[in-house]
Structure formats: structure tokens, C-alpha cells
1. With n ≥ 4 as the cut-off for DSSP H runs, can you work out [θ] at 222 nm for the chain, using -39500 (n - 2.57) per run divided by the number of residues, rounded to the nearest 500?
2. When you count, for each residue, the other Cβ atoms within 10 Å and take the mean per peptide, how do 174-187, 403-416 rank with the highest first?
3. Using the Cα centre of the chain as the reference point, and only Cβ charges (+1 on K/R, -1 on D/E), how large is the resulting charge dipole? Debye, rounded to the nearest 20.
4. When only Cα pairs under 8 Å and 6 or more residues apart are kept, what is the percent relative contact order across the chain?
5. Among Lys50/Lys87; Lys358/Lys386; Lys50/Lys100; Lys50/Lys191, which pairs are too far apart, with a Cα-Cα distance over 21 Å?
6. Take the alpha-carbon centre of region 410-455, take the same for region 276-332, and report the distance between them in whole Å.
7. Could you rank the peptides 221-230, 234-243 by their average count of other C-beta atoms within 10 Å per residue, with the highest value first?
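No lab work stands behind these numbers, since they all come straight from the coordinates. Note that the structure is predicted; figures quoted are calculated from it, not measured. Here the Cβ positions follow ideal geometry from the backbone for every residue, glycine too, while neighbour counts run over all protein chains shown.
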Amino acid sequence: MSDEFDLVVIGAGSGGVAASRRAAAHGARVLIAEADRVGGTCVIRGCVPKKLMMYAAGFAQAFDEARGYGWTGVAGRFEMSRWADAKAAETARLEGIYRKLLADSGVELAAGQARLLGDGAVAVGDRTVRTKRVLIATGGRPSRDALPGLSLAMTSNEVLDLRELPASLLVVGGGYIAVEFASILAALGVKVTMAFRGALPLRGFDPDLQQRLATALVARGIALAAGVDLQAIERTSDGFALRRSDGTVLRAAAALNATGRVANTEGLGLAEAGVALDADGAVAVDADSRTSAAGVWAIGDVTHRMNLTPVAIAEGRAFADTEFGHRAARVDHRTVASAVFCDPPIATVGLTEADALKLGPVDIFEADFRPMKTAFVGGEARSYMKLVVDGLNERVLGVHMIGADAPEIVQSLAVALTCGATKRDFDRTVAVHPTAAEEFVLMRQPVRRHLAALP
Ligand code: NDP
């Protein structure tokens, strides 16, 4: 076993694994250090188990719909422990695949906490290796200091490891994790209250989506305690109490802290190695993921640029191609699509209406309809789509959707945006019928025209 490497990657999550395999494919000798399970947040305690839980939750609605479509005797009881066993088996299988991918790529995996020692030396557990380059890909973890008492609450990590559901849940926060877990747990029968300080959940998303999401969450029985600052959370004899600045107290049997995530920078020897952090405590990097220390790069959530798995992977590959493949590559963070797996799901790519307006004239196209599937079921569920179009050259600047299949539909439209598609390109695309996605190519007249950029 050599102790000389071209690259040491710290953190075997999606970004670190992608970077190390790409660097090895370019001929580099690569070691990847991991102190925990291989696969990182996405595979072990994030996107993958969350989506598996979302699928479990989806059956409650599917059973209701099935009755509308003529099925009888459709019912069931959800057992969290059975799901937990299936989830553990699936994450173990995926971890095995990640380990095999690394081995097959010729990347050496070393278990242990890594620490930069300076002058190209890195400690991994008890071993010291030498390397020409270091890539920090240690990801992030739930933040616990937004309010006093938050460390008493569960985070998404613990929710994904539950073997029994609580009767009621207080979700603290109104971001991605808050709306996703509120939707999932409510569908599984938990009485959910979401407490957040904004007027609407998902700050930063297009307000037309935020508003419709709030309506849909309430329709699914989730109580929204919005628009009031949160002060502290405490344990009580029968659960948790959240104090708010207007004097009100919200109570539930369990609490989920969903107040954001922080970068994993501790214990890496970053300060000693001259690696600067930004104001959020994340590793500061330039457009090529270089840190302030020569020979040290950082990608993914530890840089807090855009905390999404595919972005970490793209940053890792761009680094490896540039440094080892002699092919300069950079990630364009402007047209990254993202999805929120709440119910109904949201997906978006490009500019919001408000952001586009700052740049010039904008035309807005919308579709708002009851999905066909609800025809036999009743209910008020609706889908909503918005195109934000440049008023001068008709280029589509933003695509936004809330409704069934939004993530799948917007993923495909993200290709069109990346290619610079115009509204005319959408218009000359023949629809696939009957689908929901066809509404995106059938929007004829703008619902609003903003003629001049806002100051
Ligand atoms: P978010 O940043 O999305 O949301 C954090 C929430 O906590 C916001 O509602 C914020 O309120 C609130 N908050 C923060 N500080 C306070 C405070 N002091 N008092 C009251 N409220 C507070 O973080 P998440 O933890 O939900 O997710 C972290 C990141 O992980 C996301 O940004 C996303 O990048 C990624 N992620 C992506 C997913 C996906 O792609 N589907 C799924 C899950 C996570 P306010 O808005 O008012 O600041």
C-alpha cells in the first residue's frame, strides 16, 4: 500500500466519490477518506431514504384514489418498523455499490477521520499519507443553534431512523426539509404542525408556488403556524413546547428541527492549513472550487453554494477534469433545476418572476388545472405551471411547477432551458396527449406582461 497519492479526497459522499472516480479515470492515484458510512448524506440519511419514505406515504392517497376508481377492500395499516427494515437493507445495498464502484475504479478507501497536516501531508486515522492535492467533500449536518433547545429535537437523521411514528409532530422551520417531512408524516397519519417565521413556506421560491403549497398543506391537514418569530423549544412531560414571540406556545409529542444545515469543517485542520471559511462557516471557494490554501479544493455542501447532490457531483467532476484530465471545466450554477418532494411536489429551474423582472421586460404564462386523475376522486387538488419568458427575445428564463410529477416534468424541461429554448420552441413542440406536461407547450397568451424592468 503506497502512502504517496496524487489526490486525497476527504468525505465519501456523492461529490467525493464522483470526484475520486473521475480523477482515477484520468490516471491519478487517489485515496478517499471516510469517517462514517460510504455514500454520505444523500444515500445514507438524505435524498434516498427520504424518497423511500415519500413512496410509503404516497400509498395512503393511492388507496383513497383506488376506491374512486372502483377498487373495493383497499385498506391497510402502516408499520414504520417494517419500512425501517426495508430502508436499512436498501441503504446497505447502495453503500455496497458505492464501495464496489470505488474499488473497481482503483480508488483506495481509507476508514477514519482525516486531518490536514500541511506540506502535502494528511493524517487518516493513525496513518499519514502524502498527496499533491486535497479535495474537501465533507458535506454538512443539521444546524442546531437557530433557537435555544433545538438540540433536544429530532433532525431529519433521526426521523429517517424512527421505528415508530409519534402521534403528533412539531416541525420547526419552513424550508425544504420542513415541507418534505411535514407532507410525508402527515400522510402517514401523524398530526403535524409546521412553525415558521415567514408568511409562507419555502422562502425564495416563486410566490405563486409558495401560496399554492400553503393551501395544499392545509388541505392535507397540516396546521401552519406562520408569520411569528420562534423563541425557544423545551421538553415537557408529554413532549415538546415551542414558544413564539407573540406569547403563544405550540405543543406536540415530538419535534423536528428543520432550521437549515451547516458545513462539516471541524477536526480537519483547516485553519492551520490556511483554508479560509466564509461568513456562514462554509469553506470559501472560487469558481473552480479552489480554497484559499494552495493545493486544496472543496466541493459540495461543505462550500454551501447550492446544497444539492447533483451539484456536488458536477463540481467534483469539473475539479477532476480540470486538474487531472487537462480539460478545463466549470459548473454553471444558474440553470440548476431543483425539486421539493412535498405533497404536491414542486420543481423549478431558472429565474423566478421577481428575479427576471430585475433584468428587463418579462412575459408570464400560466396553466392552472385539476389533474385528470382526480376526476373520479373529487377533492380540490390542482396543478399549476408557470413560464417566465424574456419579453424582448422570447427566451424561456424560468419554469416552475407545483403538482403531481412536477420533478419528472421539470427535469426534462431543464434540458430545453440549458439549450436556450424560446417560447416559440415550446409553441412548435407537439403535445403528448393526455398528459399534464403537455400544458407547458399549450400556453398561448401571457397572463401578465411586465414591460419594463423594475428599478
Ligand atoms: P432551508 O434553508 O431550506 O430552510 C431552513 C428553515 O429554517 C427556513 O424556513 C428558515 O426560515 C428557518 N430558520 C432558520 N433559522 C431560523 C431561526 N433562527 N428562527 C426561525 N426559523 C429559522 O434548510 P433545510 O434544513 O430545510 O435544508 C437544508 C438544505 O438542504 C436546503 O437548502 C437544500 O439545499 C438541501 N435539501 C434539498 C432537498 C431537495 O433537493 N429536495 C431536500 C432537503 C434538503 P427563513 O426562510 O425565514 O430564513
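1. On the way: 12 runs with 137 residues, N = 455.
Computed ellipticity for the chain at 222 nm equals -9000 deg cm²/dmol.
2. Working: 174-187: 24.6, 403-416: 18.4.
The packing order, highest mean first, is 174-187, 403-416.
3. Numbers: 50 positive and 52 negative charges, 86 e Å.
It comes to approximately 420 debye.
4. Values: 966 pairs, mean separation 68.0, N = 455.
Computed value for the chain: 15 percent relative contact order.
5. Values: Lys50/Lys87 10 Å; Lys358/Lys386 18 Å; Lys50/Lys100 24 Å; Lys50/Lys191 19 Å.
Cα-Cα > 21 Å for Lys50/Lys100; rest within.
6. 32
7. Values: 221-230: 16.9, 234-243: 15.3.
Packing proxy ranking, top to bottom: 221-230, 234-243.
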